[in-house]
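Written below as structure tokens is the structure these notes are about.
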Amino acid sequence: MRLSGKVAVVTGAGAGIGRAIALEFASEGAKVVVAEIDAPSSEQSTKMIRDAGGEAIAVQTDVTDDASVRRLVETTVTEFGPPNVLVNNAAVMPMGAIADANQDDWDRVMAVNVRGIFHCSKYVIGEMKKQKRGGSIINLGSVTAIVGTPGIAAYTASKGAVVALTRQMAIDYADDAIRVNSMSPGTIDTPMLARAVALSDDQEKARAGFDAIHPIGRVGTPNEIASAAVFLASDESSFVTGSNLIIDGGYTVAGALPID
């Protein structure tokens, strides 16, 4: 029970990596707030946690909206107490290089992937500072913040901002014992990957291509990212802040070979 006694807010916890993190946190003893814009998926994640014997509540949240995030944090404090852990996981990923992208898609990516971290961190940090007990914030970056990947310009730009912002937050709140780190996954077997594969004329080849660009020979699983998140959320990582943990099966060291 490495997170026993902790209250954790996980955004985008209705599916994929966010759901896996929420489930793993609960299994390690945390009280989990499932923050998700899609109410049915957030309720499903919450039910899964409760069915496994954990404690969780679902709070429908639009991370791009200041008032919605304030309600999220207020509900967390009322139901479970002040948050000790925040995982900024909510993200969107439209396809398109710069010349192909439209402004609405660009603005939406920046609003969810970057401004969402601003909103959630702002109010959670406020509660952490009141308690004077520190805390852990984990931002979801991506290997695209480190190496280029064809056809996802807006997403790549947003994740570069996330990793840079993580370093700045770590400096700004070190005196408050609030640790801030990011995780940069490679390709993970999530609904987001399934949507990307579905855009291909040859889906079997596309999926095989995602496996092939990782030297380990496959894409990752959400549970593998969740295990790393437990480490960063727990006291085991008490001397870790401002770091970007790359979890990519060797993708970045191999040079990120393009997908045919």
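The values are calculated or read from the model by the stated rules, or taken from the named source; none is laboratory data. Please read all numbers here as calculations on a predicted model, not as lab measurements. Cβ coordinates were reconstructed from backbone atoms using ideal geometry, including for glycine residues, and neighbour counts include every protein chain displayed. For accessibility, only protein heavy atoms count, side chains too; no ligands or nucleic acids. Shrake-Rupley method; radii C 1.70, N 1.55, O 1.52, S 1.80 Å.
Residues whose amide H comes within less than 5 Å of that of Ile188, counting only those at least five positions distant or on another chain, are Gly220 (H built at 1.01 Å from N in the peptide plane). Summed over the residues of segment 20-155 and divided among them, the accessible surface reaches 43 Å² per residue at a probe radius of 1.4 Å. With viscosity 1.567 mPa s and temperature 4 °C, the Kirkwood radius over alpha carbon pairs of segment 133-260 converts through Stokes-Einstein to a diffusion coefficient of 84 µm²/s. Extension gain for the segment Met1 to Glu79, taken as residue separation times 0.36 nm less the Cα-Cα distance, is 26.0 nm to one decimal. Here is how the number arises for the chain: DSSP H runs of 4 or more residues each give -39500 (n - 2.57), the sum is divided by the residue count, and the result at 222 nm is -13500 deg cm²/dmol. By accessible area, using a 1.4 Å probe on protein heavy atoms only, the chain has 52% of its surface on carbon and sulfur. Rg/Rh for segment 1-98 stands at 0.99; both radii use Cα atoms, and Rh follows the Kirkwood definition. When each of the peptides 85-98, 159-172 is scored by the mean number of other C-beta atoms lying within 10 Å of its residues, the order from highest to lowest reads 85-98, 159-172.
For the chain, relative contact order (Cα pairs under 8 Å, six or more residues apart, normalised by length) works out to 19 percent. The relative contact order of segment 1-152, computed from alpha carbon pairs under 8 Å that lie at least 6 residues apart in sequence, is 23 percent. Summarising the amide proton neighbourhood of Leu86: residues at separation of 5 or more, or on other chains, whose placed amide H is nearer than 5 Å comprise Val9, Ser136, Ile137, Ile138. With the highest mean first, a sort of the peptides 137-147, 208-218, 14-24 on other beta-carbon atoms found within 10 angstrom per residue produces 14-24, 137-147, 208-218.
Give me log10 I(q)/I(0) at q = 0.10 Å⁻¹ for the chain, Debye formula, one equal scatterer per alpha-carbon, no solvent. Here log10 of I(q) over I(0) equals -0.46. Length gained on full extension, Arg218 to Glu55, computed as 0.36 nm times the residue gap minus the Cα-Cα distance: 55.4 nm. Compute the whole-percent fraction of alpha carbon pairs in segment 92-169 spaced more than 14 Å apart. Result: 63 percent of Cα pairs exceed 14 Å.
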